1. If residue 42 satisfies all but one of (1) surrounded by 11 or more Cβ atoms within 10 Å (Cβ to Cβ); (2) part of a loop (DSSP other than H, G, I, E, B); (3) modelled with pLDDT under 95, what's the number of the condition it fails?
2. Would it be correct to say that residue 56 is closer than 20 Å to residue 157 by Cα, at pLDDT 55 or above and assigned by TED's automatic domain parsing to the domain that holds residue 144?
3. What number of residues within segment 79-108 satisfy the criterion of being touching a residue at least 40 places away in the same chain (Cβ under 8 Å) and either assigned to a strand (DSSP E or B) or touching a helix residue (DSSP H, G or I) at 6+ places or on another chain (Cβ under 6 Å) (or both)?
4. Inside segment 131-145, can you point out the residues that are surrounded by 15 or more Cβ atoms within 10 Å (Cβ to Cβ) and more than 14 Å from the chain's Cα centre (by Cα)?
5. Among the residues of segment 109-128, is there at least one that is in contact with a helix residue (DSSP H, G or I) (Cβ under 7 Å, 6 or more places away or on another chain) and in a strand (DSSP E or B)?
6. Do we find that residue 155 is assigned by TED's automatic domain parsing to the domain that holds residue 53 and either surrounded by fewer than 16 Cβ atoms within 10 Å (Cβ to Cβ) or touching a helix residue (DSSP H, G or I) at 6+ places or on another chain (Cβ under 9 Å) (or both) in this structure?
7. Condition check: on the phi > 0 side of the Ramachandran plot and surrounded by 14 or more Cβ atoms within 10 Å (Cβ to Cβ). Does residue 58 satisfy that?
8. Report yes if some residue within segment 73-84 is surrounded by 10 or more Cβ atoms within 10 Å (Cβ to Cβ) and modelled with pLDDT under 95; otherwise report no.
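The values are calculated or read from the model by the stated rules, or taken from the named source; none is laboratory data. Bear in mind that the values here come from a model prediction, so they are computed numbers and not experimental data. Here the Cβ positions follow ideal geometry from the backbone for every residue, glycine too, while neighbour counts run over all protein chains shown.
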């Protein structure tokens, strides 16, 4: 009888731990978003300006502000002569800090999908952000894609603590 009660308690405890872990993921994601919003206060340039700054390294095919190891980065993927680069832009100066070749399989696959979408696009990413942007919102990222044969860009905007994703036609 005691063994059954202990086993029952252990199973209940295991279930509670599993549920707590399940619900901790969204809280972690919210913490990441809040940290990004806080860090973006230091950014003096817009995502659009970062896309323009990267053009010397190739055609911008996506861009985003991100936190890496607790530090804010403005990263733009660019394509030139069949090769892909990640262009890191100074979020205060707007100048290129570093250019890395994209070689990791997941990143390379994403870049190939993005360039395929941009090859069909009729408007540049900067203009798509301008179309998506709403008053007092700030663009955090832009990623082109092809859905149902149509080329669009997913633009993530932020205002205070509110994130909003807008799909903008690129045709």
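1. In the conditions (1) surrounded by 11 or more Cβ atoms within 10 Å (Cβ to Cβ); (2) part of a loop (DSSP other than H, G, I, E, B); (3) modelled with pLDDT under 95, residue 42 misses (1) alone.
2. Values: closer than 20 Å to residue 157 by Cα: no; at pLDDT 55 or above: yes; assigned by TED's automatic domain parsing to the domain that holds residue 144: yes.
No.
3. Residues flagged as touching a residue at least 40 places away in the same chain (Cβ under 8 Å) and either assigned to a strand (DSSP E or B) or touching a helix residue (DSSP H, G or I) at 6+ places or on another chain (Cβ under 6 Å) (or both) within segment 79-108 amount to 4.
4. Here is the first cut: in segment 131-145, the residues surrounded by 15 or more Cβ atoms within 10 Å (Cβ to Cβ) are 132-133, 137-145.
Across segment 131-145, the qualifying residues are 132, 133, 137.
5. First, the residues of segment 109-128 that are in contact with a helix residue (DSSP H, G or I) (Cβ under 7 Å, 6 or more places away or on another chain): 125-126.
Those still in the list that are in a strand (DSSP E or B) too: none.
No, there is no match, as no residue in segment 109-128 is in contact with a helix residue (DSSP H, G or I) (Cβ under 7 Å, 6 or more places away or on another chain) and in a strand (DSSP E or B).
6. Details: assigned by TED's automatic domain parsing to the domain that holds residue 53: yes; either surrounded by fewer than 16 Cβ atoms within 10 Å (Cβ to Cβ) or touching a helix residue (DSSP H, G or I) at 6+ places or on another chain (Cβ under 9 Å) (or both): yes.
Here the answer is yes, as residue 155 does meet what is asked.
7. Details: on the phi > 0 side of the Ramachandran plot: yes; surrounded by 14 or more Cβ atoms within 10 Å (Cβ to Cβ): yes.
When the stated conditions are applied, residue 58 passes them.
8. Initially, segment 73-84 is screened for residues surrounded by 10 or more Cβ atoms within 10 Å (Cβ to Cβ), giving 73-80, 83-84.
Pick out the ones that are also modelled with pLDDT under 95 and you get 73.
The answer is yes; a qualifying residue exists.
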